[in-house]
Structures are given as C-alpha cells and as structure tokens.
Amino acid sequence: MTTPSAQPGTSAPAAPATGGTAASAPGGGRGGSLGPVGLVLAGGLSVQFGGALAVTLMPRAGALGIVTLRLAVAALVLLVVCRPRLRGHSRTDWGTVIVFGVTMAAMNGLFYQAVARMPIGLAVTLEVLGPLALSVLTSRRLVNLVWAGLALAGVFLLGGGDFGGLDPAGTAFALAAGVMWAAYIVFSARTGRRFPQADGLALAMAVGAVLFLPLGVAESGTKLLDPVTLGLGAAVAVLSSVMPYTLELLALRRLPASTFAVLMSLEPAIAALAGFLVLDQALTTPQAAAIALVVAASMGAVRTQVGRRKAPLPGPDAATGQ
C-alpha cells in the first residue's frame, strides 16, 4: 500500500514514505536518467503492479498467504541490506517499532482482503481516505473542508450514489486499511526518529512477518512452500516493498517532501491503471470521476498543509499501504 497527503511534521522517517527531511537532503540534481520525479512515479507503478500481481496469486495461496510471503521476503531482504543494530535501544524504542510492525501487518492484511473482493483501483481510492482524513484533521484551515467535501463527493460517486455497487465487506476492509495507513504514517515517523536510516523499517517488517506467519499458515498451509507460489510471492515483495522503498529513498534525497507527497497522491489512478492492464478491471465513467476527485482532494490537502507550515512535509507511501 499506497499517496494522499502531507502529514504532521516529522523529522526523520523510518521509510521514504514519510521522508520529513527530504528537502534538505544532499545530492541535488537528477537521480540517474529518471530524475527524482521519475523515481517516485516508477515506485508508484512498482507497488501498484505488484498489488495487481498479488491479486492473480490469491487463488494459489489466499490473501493472508500472500501477505505472509510479501512481509517475510521483504523483511529478509531489508534485514540483510540494513543489518540493523539490535543493542543500545530503549524499551520505548522497541515498543515503538513493535507497534509500527503491528500497524504495518494490519494495514497490508486488511488491504489484501479488500482487493480480494473489489477492483484494486477502488480499494486504493477508499484506502486513501485514511491518510487524507488525518491531513484534514491535523489542519485547522477552513479550506480543508473543501478538500474533505471533494473527497466525500468522490466516495459518493464511487458508491453509485447508494453504495449498492460496492462490495460491503471489501469496502469495510479498504476503509479499515485506510485507518491503519494513517496510524502507519504516525508510527513510521516516530520509528524514524529513534532508529537510523531504514533500520526501524527493517525491524518493523520483521515484526509484521512474524505476527502474520500463523495467519498465512492457517489459511494456506503447505501451499506457501510451492516453488511457483514462493517465486511469485517473492516478486510481489520486491515490486510492492523493496523496489518502492529504494526508488523513493533515492528520490527523497533530491525532491522536496511536499512534491513527493503530491506525486504519491496519484496512487489511486495508478492502481486503476494496473487493475485494467493486469486484471482486466475496467472502471465506469462515474468511478473514474470519483478517483479523480479523491486524487484532487489529496493533492489539495497536501498543498494546504505545506502552505500552513511553510515547510515541506511528508506523505505516506503506497508501497506499504498495499
């Protein structure tokens, strides 16, 4: 998962998703041939097409099984790459990273339950409402009521006016994932202030993988050991977690976090594209308009927060939002 908005000020992210110091990071210029904007967009494409691949894998291993494989492989890669230090941390440090890991696991599990029941573009659009609500609630400017109204209009269109066109369980899972996404943003920032680089992220990912393992085994059992399932699950982990984190980390060294957050607001549209190309999930005109309204509301909320604080602020990461 995952995008929508700037969040309350943070100074040191646990992951590029909440990069609070991006504007002052060294290394101006272009990130290779893509440039920082291209890196962010590439990360968005990676996470959403990874999510679409996960949907195709669900008949083989189930939603909980896929989440287990994604968290386990991503944790393994991040632990090997980051090699986080285990000693020298306080009880509060460990409490923070554990809560971060629980939040991350819950966010992923709920989102995958949603995409098992509804098109991925619609699920991401509903999920985005969590971080968007966090952005609106933490700002006291009246203009945020405009962005909230715009988002509500999008949700109204998404539900066809009476929500009869949306799967009730899928909608509930997507909205719950959005709540967890908002919590993820808060605890990602707190973890980032207590752990250097991506150490906190690697440890939290490991916590999430351990917590989710019993659920994945209960649903999928030995299916998780099938070589094809393992290979595809590893691909989902790389596309949905490892690559987005890496690309966005590189981008945040060269790009103001406010610009990063605006670009991440495009995630619902990218998810709809992935759903159409990979899963043949076409959207109706009202649904496409609904996604556009929510994207516009997210961008507006980001810009309002940045203007209010007069400093670049972070936005959540779709890579872990899904």
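The values are calculated or read from the model by the stated rules, or taken from the named source; none is laboratory data. What you see is a predicted model; the values in this text were computed from it and never measured. Methodologically, a virtual Cβ is constructed for each residue, glycine included, from the backbone with ideal geometry; neighbour enumeration extends over all protein chains shown. What goes into the accessible areas is simple: the full protein's heavy atoms, side chains included, and nothing from ligands, DNA or RNA. Shrake-Rupley method; radii C 1.70, N 1.55, O 1.52, S 1.80 Å.
Could you look through the range 72-98, keep only residues that are open to solvent by 50 Å² or more (accessible area, probe 1.4 Å) and among the charged types (D, E, K, R), and pick out the one that is nearest to the chain's Cα centre (by Cα)? Top of the filtered list is Arg83.
Restrict the check to the range 201-223 and report whether at least one residue is touching a Cys at 6+ places or on another chain (Cβ under 7 Å) and surrounded by fewer than 17 Cβ atoms within 10 Å (Cβ to Cβ). Looking through the range 201-223, none of the residues is touching a Cys at 6+ places or on another chain (Cβ under 7 Å) and surrounded by fewer than 17 Cβ atoms within 10 Å (Cβ to Cβ). Applying the criterion of being closer than 23 Å to Leu79 by Cα and of a type in the set (Val, Ile, Thr) to the residues of the range 177-196, the residue that is surrounded by the fewest Cβ atoms within 10 Å (Cβ to Cβ) is Val186. Leu250 meets each of the listed conditions (1) at pLDDT 80 or above; (2) hydrophobic (A, V, I, L, M, F, W, C); (3) open to solvent by 50 Å² or more (accessible area, probe 1.4 Å) apart from (1). Among residues of the range 269-294 that are within 9 Å of Thr125 (Cα to Cα), those with a beta-carbon under 7 Å from a residue that is in a helix (DSSP H, G or I) and open to solvent by 40 Å² or more (accessible area, probe 1.4 Å) at least six positions away or on a different chain give the pairs Ala290/Leu157; Ile291/Ala269. For first residues located in the range 184-204 and of a type in the set (Phe, Trp, Tyr), partners that are modelled with pLDDT under 90 and surrounded by fewer than 24 Cβ atoms within 10 Å (Cβ to Cβ) and lie 6+ apart or on another chain with Cβ distances below 6 Å do not occur. There is at least one residue in the range 263-276 that is among the aromatic types (Phe, Trp, Tyr), surrounded by fewer than 22 Cβ atoms within 10 Å (Cβ to Cβ) and under 25 Å from Arg60 (Cα atoms). In this entry, Ala282 passes the filter for residues that are more than 28 Å from Gln197 (Cα to Cα), modelled with pLDDT under 90 and open to solvent by 30 Å² or more (accessible area, probe 1.4 Å). The set of residues from the range 218-242 being within 16 Å of the chain's Cα centre (by Cα), of a type outside the set (Gly, Ala, Ser) and modelled with pLDDT of 90 or more comprises Val236, Val238, Leu239. Looking only at helices (runs of 4 or more DSSP H) that fall completely inside the range 188-282, which ones have 3 or more residues that are within 28 Å of Leu132 (Cβ to Cβ)? In the range 188-282, 199-220, 243-252, 257-264, 267-279 are the helices (runs of 4 or more DSSP H) which contain 3 or more residues that are within 28 Å of Leu132 (Cβ to Cβ).
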